[in-house]
Amino acid sequence: MTDFNTLVDMYISVWNEPDDAARRAKVEKVFADQAKHVTPAGKSVGHDEIYARITDTYAQGIDAGAQQLRSVRNVTNHRGAVRVNWDTTNAEGERVMAGYDCMTLSADGRVNVDHQFADAA
């Protein structure tokens with residue numbers, strides 16, 4: 001993937017994907033084989049751990065209809081690094097959390113390292 005907006009759209013769609021098999025396929029398409037997803041709470045490495053992290057997050061809020069993740073649509077890039085702001089909204093459309101991710105990309109354009117920063121809205 002070389003189009004940063006397409007990459008970010010796919011990244012966001014992974015977190016909102018209701019179908020487990022489709023979510024897994026998207027993880028493999030978006031993240032490099034040994035990608036790292038890093039948050040203040042911990043680190044997930046590789047497709048299996050990243051899939052488990054995203055599935056857990058989905059089950060905690062999105063699946064219950066409590067939240068939806070969306071891009072703020074302000075992707076910036078600099079020499080293979082991408083930054084995107086995002087927020088989550090509740091069922092009423094009110095923002096409940098906001099944050100951003102800073103990602104470095106692998107040679108094939110997939111996410112290699114993803115540092116996620118989140119704050120309450």
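Rule-based calculations on the coordinates, nothing more; no lab input. Nothing here was measured: the structure is a model prediction, and the numbers come from that model. Cβ placement follows ideal geometry from the backbone for every residue including glycine, while neighbour counts extend to all protein chains displayed.
General remarks:
- At the listed q of 0.19, 0.20, 0.23 Å⁻¹, the Debye profile of segment 4-120, built from one uniform point per Cα, gives log10 I(q)/I(0) equal to -1.02, -1.14, -1.53.
- Between Arg73 and Glu49, the FRET efficiency from the beta-carbon distance, with R0 = 25 Å, is close to 0.30.
- Computed from the C-beta positions of Asp119 and Ala81, the FRET efficiency with R₀ = 22 Å rounds to 0.60.
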